[in-house]
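Beneath this line is the structure, given in structure tokens, with notes to follow.
Bear in mind that the values in this text are calculations on the coordinates, not laboratory data. The structure presented is a predicted model; accordingly, all values stated were derived computationally and were not measured. Positions of Cβ are backbone-derived with ideal geometry, glycine not excepted, and every protein chain shown enters the neighbour counts.
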Amino acid sequence: MTAIDICALGDIPEGGCLAVTIEETPLALVRTEGEVFAIFDRCSHADVALSEGDVTGCEIECWLHGSSFDLRTGEPLSLPATVPVPVYPVIVSGDGEAARVSVALTSAP
Ligand code: FES
């Protein structure tokens, strides 16, 4: 598994998202609860960006119809979405302003 260096930790707003595209894979990097998560940046219900939704705890809510997804597993927590969204392992290395975020693209959407 090769992790790809994406950005500085400080590039991701606390309690929010940074949308990036890595090797043609759209990702929402989410910083919340003292952790960073990487989730495929398309809702499984329709083709809209999850990164434009709201983050609450370890959940992200799709802005279009309101399904929430668990950032740890990608599982939908509320309707209308019923299909999980891929999530990817995140590695945070370094400290303070030097901290970097890497993601391993292990699963294909
Ligand atoms: S498009 Fe996301 S819940 Fe419908």
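Data for the structure
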quantity	calculated
Sum of side-chain charges, Tyr88 neighbourhood, beta-carbon under 15 Å (Lys, Arg +1; Asp, Glu -1)	-4
Residues whose placed amide H lies under 5 Å from that of Ile6, excluding near-sequence neighbours	Val101, Ser102, Val103
Summed residue charge, Cβ within 12 Å of Gly66's Cβ, Lys/Arg positive, Asp/Glu negative	-3
Packing-based order for 36-46, 63-73, using average beta carbon neighbours within 10 Å, highest first	36-46, 63-73
Relative contact order (%) - the chain, alpha-carbon pairs under 8 angstrom, separation at least six	27
Gain on full stretching of the segment that runs from Leu77 to Glu23 - 0.36 nm per residue minus C-alpha separation	16.6 nm
Length added when fully stretched, Ala98-Asp5, from 0.36 nm per residue minus Cα-Cα	32.2 nm
Neighbourhood net charge (11 Å Cβ-Cβ; Lys/Arg +1, Asp/Glu -1) for Leu105	-2
